[in-house]
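First the structure, in the form of structure tokens, and then the observations on it.
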Ligand code: PMP
């Protein structure tokens, strides 16, 4: 077996120990005599898995008792419409437009109500998120403020939690979920596609507050209703059992690692090293404003599109994969999700230095 260094933006790198365990559990899981993808979702075997996954997420994010954790289908993108369908009902919502995923979320929300875009960096190629003290006031009567805590394509990240005032606070945490200490109890709605920091694709982790459930639109399909899914413990139909199993294993790995403070230190150390290498070079250039730099998705360029292409192609041939920037923006992107290894970062920096000397 030979594993290469994987910088994919998602699905992305997962802890090797977890993958080794999953390999065994696919054949036979916890003495039950059947593999984890072969058991009923209504069995004790699976119930222990989903309850443990929820307990770990609850501990990691210090959630309060009135917050429910769901595992839903359809990717994070389905939450772009499911959330406003549940709660907007012709009302007013505020959005921060900090990247292509927020742009899509805004477009979906507009079908269900009025949207105020309080900040947009779209005309500046999404190179920044707003400064903490620069956000305009939210109009009274606004139901929620929605933002994207990490912008996977542009490579920017919020390093603070915006204040939603009297409105609900809703966040797409897909690409920095569980990567830094986060007081989850201040959010009324969180969603995160699993395939970056916590597992394979298939499941979106959704966290919703009880007060929200009491005000939702009951005239939408049951599969989309957070109150129904909460009552059914995410099992209105067959849930994505393997993804949920993987989330349980990855969050166990994360708790053993030392939790969110420890993983944040690891993520800061790795991303700082890479940004330093970019800043020290006369060829590479970071693509976003310094204060908005993401620890998860480091976007950069050699300054010439053809040279960027050569960079990622030659890197791939040397066992460094996934460095091509998103197809909509080009350039280069290295994703340093929680499970990224120091060896991969070392190898990337060595390769960058070599490429610069010989380009
Ligand atoms: N939001 C963000 C921030 C993302 O990075 C992505 C996927 N890259 C999505 C939403 C869409 O996720 P999915 O593919 O699970 O629908």
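The values are calculated or read from the model by the stated rules, or taken from the named source; none is laboratory data. Keep in mind it's a predicted model, so treat the numbers as computed, not measured. Ideal geometry is used to build each Cβ from the backbone, glycine not excepted, and the neighbour counts take in all protein chains shown.
Numbers at a glance
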| read-out | value |
| --- | --- |
| Residue 14, sole failed condition from (1) at pLDDT 95 or above; (2) outside the structural domain of residue 106 (by TED's automatic domain parsing); (3) over 17 Å from the mean Cα position of the chain (by Cα) | (3) |
| Output for region 133-158, where each listed residue is within 16 Å of the ligand (Cβ to nearest atom) and either in contact with a helix residue (DSSP H, G or I) (Cβ under 9 Å, 6 or more places away or on another chain) or touching a residue at least 40 places away in the same chain (Cβ under 8 Å) (or both) | 146, 147, 148, 150, 151, 152, 153, 154, 155, 156, 157, 158 |
| Checklist (1) surrounded by fewer than 19 Cβ atoms within 10 Å (Cβ to Cβ); (2) within 16 Å of the ligand (Cβ to nearest atom); (3) assigned to a helix (DSSP H, G or I) applied to residue 256, failing item | (2) |
| Residue that is nearest to residue 187 (Cα to Cα), among those in region 55-79 that are within 16 Å of the ligand (Cβ to nearest atom) and surrounded by fewer than 22 Cβ atoms within 10 Å (Cβ to Cβ) | 70 |
| Criterion violated by residue 181 - all others in (1) more than 30 Å from residue 324 (Cα to Cα); (2) more than 16 Å from the ligand (Cβ to nearest atom) satisfied | (1) |
| Flag if residue 321 is within 24 Å of the chain's Cα centre (by Cα) and either in the same structural domain as residue 123 (by TED's automatic domain parsing) or surrounded by 14 or more Cβ atoms within 10 Å (Cβ to Cβ) (or both) | yes |
| Boolean, residue 224 is at pLDDT 95 or above, over 30 Å from residue 135 (Cα atoms) and within 16 Å of the ligand (Cβ to nearest atom) | yes |
